[in-house]
Amino acid sequence: DELHLTVLETYANLGSITDMCIVDSDKQPQLVTCSGCSKEGSLRIVRCGIGIQELASIDIPGIKGIWPIRIRSDDSLDNALIITFMGYTRILFFDGEEVEEIETKD
């Protein structure tokens, strides 16, 4: 009954992450996560070892949810965002540097 493994280092499990945001600090950006669920849920701050590079930002108040999607199945990257608000949804399509809102039918 000899143990053949040696624990070298342990890390806290951040999963499942239900929400997160980036907080700008004086030293470096930090990632704040809502991790876990039920009585085991917690807020976690990830400080070291992550590189955050902001590629774009959207200043739209009242967003409840946001999901990246591919408009066409043959697209190699996600090129649209579904953005939900209380009572309505918007879809933004990205074509290079251009952003276009796609009309949705009620």
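Figures for the structure shown
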item: Close pairs (7 angstrom Cβ cut-off, 6 or more residues apart or separate chains): without any contact (Cβ under 8 Å) to a residue 40 or more places away in the chain in the range 66-89, open to solvent by 30 Å² or more (accessible area, probe 1.4 Å) and of a type in the set (Asp, Glu) anywhere; result: Pro68/Asp78; Ile69/Asp78; Arg70/Asp78
item: Search result, residues across the range 55-87 that are of a type outside the set (Lys, Arg) and over 23 Å from Cys21 (Cα atoms); result: Ile71, Ser73, Asp74, Asp75, Ser76, Gly87
item: 1 or more residues under 18 Å from the mean Cα position of the chain (by Cα) and of a type in the set (Val, Ile, Thr): qualifying strands (runs of 3 or more DSSP E) within the range 4-106; result: 17-23, 30-35, 42-46, 65-69, 80-85, 88-95
item: Ile58 being at pLDDT below 75 and either in contact with a Ser or Thr (Cβ under 9 Å, 6 or more places away or on another chain) or surrounded by 10 or more Cβ atoms within 10 Å (Cβ to Cβ) (or both); result: yes
item: Residue count for the range 24-36, restricted to those that are at negative phi, out of contact with any Asp or Glu (no Cβ under 7 Å at 6 or more places or on another chain) and surrounded by 12 or more Cβ atoms within 10 Å (Cβ to Cβ); result: 6
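The values are calculated or read from the model by the stated rules, or taken from the named source; none is laboratory data. Given the structure is predicted, the values throughout are model-derived calculations rather than measurements. Glycine also receives a Cβ, built like all others from the backbone with ideal geometry; neighbour counts cover every protein chain displayed. Accessible surface is based on the protein model in full, side chains and every heavy atom, while ligands, DNA and RNA are left aside. Shrake-Rupley method; radii C 1.70, N 1.55, O 1.52, S 1.80 Å.
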